[in-house]
Amino acid sequence: MDFLDDFDAASLRELAESSDLPYGTKASHQFKILKEYIDDFQNSLDSEHEVGMYLSCFGQNILLNVTHIDYENPVLIIFEGYVEGQEATLIQHVNQLNFLLISVKKDASRPKRQIGFSCSEPQEE
């Protein structure tokens with residue numbers, strides 16, 4: 001039996017939040033940096049293109065059309081979107097963030113997607 005079996009998810013999150021991590025190592029800090037880069041890239045695109053991300057994982061390169069980004073402290077970033085037309089969610093540790101932002105021609109039958117960002121917790125300075 002693992003000692004973590006005695007904790008529910010909320011208790012584990014609270015325990016993780018209470019740990020004193022150096023600035024810049026928490027997911028909320030990385031989220032803020034990612035948001036700035038992605039917003040700048042997204043704002044540089046014309047109305048016929050939207051943001052895509054090439055991910056190198058699972059032994060292949062995967063194009064994720066990102067629609068939403070969130071985080072969970074202390075160390076998870078969550079990317080939601082579409083891979084080949086199917087809904088997809090990528091949950092990634094902040095130490096493994098490595099992707100290429102690219103412009104992707106949008107589907108003419110729908111409006112341009114903007115990436116949404118949500119913060120499940122207050123942003124720290």
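Can you go through GLY59, GLY52 and tell me which one is of a type outside the set (Val, Ile, Thr) and crowded, with 18+ Cβ neighbours inside 10 Å? Steps first, answer last, please.
Working: GLY59 fails: crowded, with 18+ Cβ neighbours inside 10 Å.
Being of a type outside the set (Val, Ile, Thr) and crowded, with 18+ Cβ neighbours inside 10 Å holds for just one of GLY59, GLY52, which is GLY52.
Consider the stretch 62-81 and keep the residues that are of a type outside the set (Val, Ile, Thr) and in a loop (DSSP other than H, G, I, E, B). The one that is surrounded by the most Cβ atoms within 10 Å (Cβ to Cβ) is ASN73.
Taking the stretch 13-49 on its own, how many of its residues are surrounded by fewer than 11 Cβ atoms within 10 Å (Cβ to Cβ), under 19 Å from the mean Cα position of the chain (by Cα) and at pLDDT 90 or above? Adding up the residues that qualify gives 4. Being of a type in the set (S, T, N, Q), at pLDDT 90 or above and surrounded by 14 or more Cβ atoms within 10 Å (Cβ to Cβ) is not true of GLN86.
Any idea how many residues of the stretch 82-121 are among the acidic types (Asp, Glu) and within 13 Å of ILE62 (Cβ to Cβ)? Show your work before the answer.
Going through the stretch 82-121, the residues among the acidic types (Asp, Glu) turn out to be 84, 87, 107, 121.
After this cut, where a residue has to be within 13 Å of ILE62 (Cβ to Cβ) as well, the list is 84.
Qualifying residue count, the stretch 82-121: 1.
Being without any contact (Cβ under 8 Å) to a residue 24 or more places away in the chain and polar (S, T, N, Q) is the filter here; which residues of the stretch 82-103 pass it? Selection gives GLN86, THR89, GLN92, ASN95, GLN96. Restricted to the stretch 94-117, and to residues there that are under 14 Å from the mean Cα position of the chain (by Cα) and loosely packed, with under 12 Cβ neighbours inside 10 Å, the residue that is nearest to PHE41 (Cα to Cα) is LEU100.
Residues in the stretch 103-118: is at least one modelled with pLDDT of 90 or more, closer than 17 Å to ILE38 by Cβ and in contact with a helix residue (DSSP H, G or I) (Cβ under 9 Å, 6 or more places away or on another chain)? Yes; the residues of the stretch 103-118 include at least one that is modelled with pLDDT of 90 or more, closer than 17 Å to ILE38 by Cβ and in contact with a helix residue (DSSP H, G or I) (Cβ under 9 Å, 6 or more places away or on another chain). Inspection of the stretch 70-80 identifies no residue that is modelled with pLDDT of 90 or more, under 18 Å from LYS112 (Cβ atoms) and not charged (D, E, K, R).
The values are calculated or read from the model by the stated rules, or taken from the named source; none is laboratory data. Nothing here was measured: the structure is a model prediction, and the numbers come from that model. Cβ: placed from backbone, ideal geometry, glycine included. Neighbour counts: every protein chain shown.
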